[in-house]
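Novice: Next up is a structure, given as structure tokens.
Just so it is clear, none of the values below were taken in a lab; they were calculated from the coordinates. Bear in mind that the values here come from a model prediction, so they are computed numbers and not experimental data. For neighbour counting, all protein chains shown are included, and Cβ atoms are generated from backbone atoms with ideal geometry for every residue, glycine included.
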Amino acid sequence: MKVSVELYGAAREFSNKAHLDFELVENSSIKDLRNQMIEFVDLNFKGNKTFKKIIKSSAFCSSDDKIVSDNYKIVKKQNFSIIPPIGGG
């Protein structure tokens, strides 16, 4: 299933578009999406440690504007936003 991630803050550096698209298997979680994003950084940015740290420390927001945990199950095509910490914390 296709999942789109809107990029905000420092995460905007991940793409020249305002979002990234990922293909996940059914019943994936936000943790799985986070891992796919880390793989994307490994492939496209030679494992940029700063980008990986941003992904690991960011919150994810669902399309209905709710912060979702890593255990949140993605059961359908959905849009999320990645919200990096502001001011490094």
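Novice: Among the residues of segment 27-43 satisfying the criterion of being among the polar types (S, T, N, Q) and assigned to a helix (DSSP H, G or I), which is surrounded by the most Cβ atoms within 10 Å (Cβ to Cβ)?
Specialist: Across segment 27-43, the extreme among qualifying residues is GLN36.
Novice: If you go through segment 69-87 one residue at a time, do you hit one that is exposed (fewer than 11 other Cβ atoms within 10 Å of the Cβ) and hydroxyl-bearing (Ser, Thr, Tyr)? It would help to see each step written out before you state the result.
Specialist: Residues of segment 69-87 exposed (fewer than 11 other Cβ atoms within 10 Å of the Cβ): 69, 71, 75-77, 86-87.
With the extra rule that they be hydroxyl-bearing (Ser, Thr, Tyr), the set shrinks to 69.
So far as segment 69-87 goes, yes, one or more of its residues are exposed (fewer than 11 other Cβ atoms within 10 Å of the Cβ) and hydroxyl-bearing (Ser, Thr, Tyr).
Novice: Additional query: Is it true that ASP65 is exposed (fewer than 15 other Cβ atoms within 10 Å of the Cβ) and part of a loop (DSSP other than H, G, I, E, B)?
Specialist: Numbers: exposed (fewer than 15 other Cβ atoms within 10 Å of the Cβ): yes; part of a loop (DSSP other than H, G, I, E, B): yes.
Yes, satisfied.
Novice: Test of understanding: among LEU7, LEU24, which residue is in contact with a helix residue (DSSP H, G or I) (Cβ under 9 Å, 6 or more places away or on another chain), under 15 Å from ILE83 (Cβ atoms) and surrounded by 13 or more Cβ atoms within 10 Å (Cβ to Cβ)?
Specialist: Working: LEU24 fails: under 15 Å from ILE83 (Cβ atoms).
Unique residue meeting the criteria: LEU7.
Novice: A further question on this structure: Before we move on, is ALA18 within 11 Å of the chain's Cα centre (by Cα) and exposed (fewer than 15 other Cβ atoms within 10 Å of the Cβ)? Even if it seems obvious, please write down each step before you answer.
Specialist: Details: within 11 Å of the chain's Cα centre (by Cα): no; exposed (fewer than 15 other Cβ atoms within 10 Å of the Cβ): yes.
So ALA18 fails the test.
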